[in-house]
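K.L.:
The structure under discussion is supplied below as structure tokens; questions concerning it will follow.
Please treat every number below as a calculation from the coordinates, not as lab data. What you are looking at is a predicted structure, and each value in this text was computed from that prediction instead of being measured. Backbone-built Cβ (ideal geometry, glycine too); neighbour counts: all protein chains shown.
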Amino acid sequence: MRFNNFCFLMLTLSFFFVLGCDKANTVEYYNTHEKERNVKFEQCKKMNPVDRQHNRDCQAAIQAWSIAENKRFFGTDKKRVSPLDKPSSGRGFVDFK
């Protein structure tokens with residue numbers, strides 16, 4: 001009985017160890033490595049949408065690609081101003097302090 005429990009424990013631990021060995025790159029990695037990001041992005045576009053959603057590497061590559069496209073479109077030197085940052089003024093405005 002003891003041997004069966006030990007085998008079950010070792011089998012369970014080895015299963016989780018193998019699952020933990022899946023090394024996925026991060027968004028920061030793909031932000032700094034443009035060629036790898038573009039290759040992975042193209043591979044992910046060809047994947048099944050369900051598999052793509054469960055693949056952490058694809059999620060990081062897609063998010064890094066989106067960040068790069070936003071920087072390309074909006075530019076890095078432009079500062080976006082939130083309308084909540086500047087005080088409102090005009091007719092009907094009451095400042096509650």
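K.L.:
Given the peptides 61-71, 41-51, arrange them by the average over their residues of other C-beta atoms within 10 Å, most packed first.
P.N.:
The packing order, highest mean first, is 61-71, 41-51.
K.L.:
A further question on this structure: Which of the listed residues, ASN55, TRP65, THR32, is farthest toward the dipole's positive end in the stretch 24-75, when Lys, Arg count +1 and Asp, Glu count -1 at the beta-carbon?
P.N.:
TRP65
K.L.:
Restricted to Cα positions, what overall size does the stretch 24-75 have along the principal axes? Three whole-Å values, descending.
P.N.:
Projected onto its principal axes, the Cα set of the stretch 24-75 covers 33, 19, 15 Å.
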